[in-house]
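Undergrad: Take a look at the following structure, please.
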Amino acid sequence: MKIVKTVHLSKIYRGGVEVHALSDVNFELEKGDLVAIIGDSGSGKSTLLHLLAGVDKPTDGDIFIQDKNIAKLSKDALTVFRRRNIGVIYQFFNLIPNIDVRKNILLPILLDDKHPDEDYLREILSILGIGEKLDRYPKQLSGGEQQRVAIARSLITRPALVLADEPTGNLDRRNSEEIIGLFQLVNKRLNSTIAIITHDEKVANACHKVYRMTDGRLSLLGDDAHENYS
Ligand code: ADP
Ligand code: MG
């Protein structure tokens, strides 16, 4: 089943000098894909992630997420769609400091006035190994633990798509390796569809496919998970 399909996607930032951040990007993800997107700083990786996440709108082209063209949604409809269907994980975790771990994880559900599915919450906590941390506050957690909480939050709505922007960029090697392992485990156990932007070749090597962004153009590097993409 197709989860993502972009068609002739482009993004130009205007304001002073025009920046052609994305040019004619045609990107597809099937259900259960685990892919990495690598590329130099400034090549357009985060721009693509923001468009897929519905945080920003393209200049041109279409973005189908499970057959819904989110490039055509109004701002309000996009906000709701994003909250229900897309999980995002950032380099600096972006947890809310003054609420505990349980509330941080459940936030997308609570904002939607829905009741949490406690069985599913327990399943996520067990996959991510943070079941004992629910009463803590973010500042009482290590970086690796905070990122696990952020991953749990990204999964709580059973999103169609999980997007991560440099998820290991702020972690030491041991924690990075653990987080990579967790993305693989989540992908396997929940059949989640995951795209990870990364500079980390270990992350890229753990994915099924690797794409490279070069000056706003996306190309597939290979789909052999054992190749080395450094
Ligand atoms: P990457 O994530 O690969 O480092 P980005 O997608 O953040 O790259 O940026 C791609 C290009 O678009 C860069 O030249 C960057 O300076 C520019 N850019 C990113 N965001 C904006 C913005 N909000 N306004 C103007 N230019 C931007
Ligand atoms: Mg970036």
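Undergrad: Can you work out which of the residues in the range 66-85 that are crowded, with 17+ Cβ neighbours inside 10 Å and touching a Phe, Trp or Tyr at 6+ places or on another chain (Cβ under 8 Å) is nearest to Ile130 (Cα to Cα)?
TA: Ranking the candidates gives Ile70 first.
Undergrad: Further question on the same structure: Can you say whether Pro97 is more than 17 Å from the chain's Cα centre (by Cα), open to solvent by less than 60 Å² (accessible area, probe 1.4 Å), more than 16 Å from ligand 2 (Cβ to nearest atom) and of a type outside the set (Lys, Arg), as far as the supplied structure shows?
TA: So Pro97 fails the test.
Undergrad: Among the residues of the range 133-155, count how many are open to solvent by 10 Å² or more (accessible area, probe 1.4 Å) and over 14 Å from Asn94 (Cβ atoms).
TA: Adding up the residues that qualify gives 8.
Undergrad: Next question. Given the condition within 16 Å of ligand 1 (Cβ to nearest atom), surrounded by 16 or more Cβ atoms within 10 Å (Cβ to Cβ) and hydrophobic (A, V, I, L, M, F, W, C), answer yes or no: does some residue in the range 169-176 qualify?
TA: No, every residue in the range 169-176 fails to be within 16 Å of ligand 1 (Cβ to nearest atom), surrounded by 16 or more Cβ atoms within 10 Å (Cβ to Cβ) and hydrophobic (A, V, I, L, M, F, W, C).
Undergrad: Here is a further query. Quick one: in the range 14-23, of everything that is open to solvent by 20 Å² or more (accessible area, probe 1.4 Å) and in contact (Cβ under 8 Å) with a residue 24 or more places away in the chain, which residue is nearest to the chain's Cα centre (by Cα)?
TA: Ser23
Undergrad: Here is a follow-up. Which pairs have Cβ atoms under 7 Å, sit 6 or more apart or on different chains, and link a residue in the range 26-49 that is closer than 20 Å to Ala206 by Cα to one that is open to solvent by 20 Å² or more (accessible area, probe 1.4 Å) and of a type in the set (A, V, I, L, M, F, W, C)?
TA: Pairs found: Phe27/Leu218; Glu30/Met1; Lys31/Met1.
Undergrad: In the list Lys45, Lys5, which residue meets the criterion of being surrounded by 15 or more Cβ atoms within 10 Å (Cβ to Cβ), more than 23 Å from Asp112 (Cα to Cα), of a type in the set (Lys, Arg) and within 16 Å of ligand 1 (Cβ to nearest atom)?
TA: Lys45 is the lone residue from the list that is surrounded by 15 or more Cβ atoms within 10 Å (Cβ to Cβ), more than 23 Å from Asp112 (Cα to Cα), of a type in the set (Lys, Arg) and within 16 Å of ligand 1 (Cβ to nearest atom).
Undergrad: Please find, among Val25, Val35, the residue that is touching a Lys or Arg at 6+ places or on another chain (Cβ under 8 Å) and within 14 Å of ligand 1 (Cβ to nearest atom).
TA: Answer to the check: Val25.
Undergrad: Against the conditions (1) in contact with a Lys or Arg (Cβ under 8 Å, 6 or more places away or on another chain); (2) assigned to a strand (DSSP E or B); (3) open to solvent by less than 20 Å² (accessible area, probe 1.4 Å), where does Ala164 fall short? Just the number, please.
TA: Status for Ala164: all satisfied but (1).
Undergrad: Right, here's the next one. For the range 48-62, what are the residues that are away from ligand 2 (no atom under 16 Å from the Cβ) and either among the aliphatic types (A, V, I, L, M) or open to solvent by less than 10 Å² (accessible area, probe 1.4 Å) (or both)?
TA: Residue satisfying the conditions is Gly54 alone.
Undergrad: With respect to Val88, is the statement that it is open to solvent by 20 Å² or more (accessible area, probe 1.4 Å) and in a strand (DSSP E or B) true?
TA: yes
Undergrad: Right, another one. Inside the range 24-41, can you point out the residues that are crowded, with 17+ Cβ neighbours inside 10 Å and in contact with a Ser or Thr (Cβ under 7 Å, 6 or more places away or on another chain)?
TA: Hits for the range 24-41 are Val25, Phe27, Leu29, Asp33, Ala36, Ile38, Gly39.
The values are calculated or read from the model by the stated rules, or taken from the named source; none is laboratory data. Just so you know, these numbers come straight off a predicted model, no measurement behind them. Cβ coordinates were reconstructed from backbone atoms using ideal geometry, including for glycine residues, and neighbour counts include every protein chain displayed. Areas reflect the complete protein model, heavy atoms only, side chains present, ligands, DNA and RNA absent. Shrake-Rupley method; radii C 1.70, N 1.55, O 1.52, S 1.80 Å.
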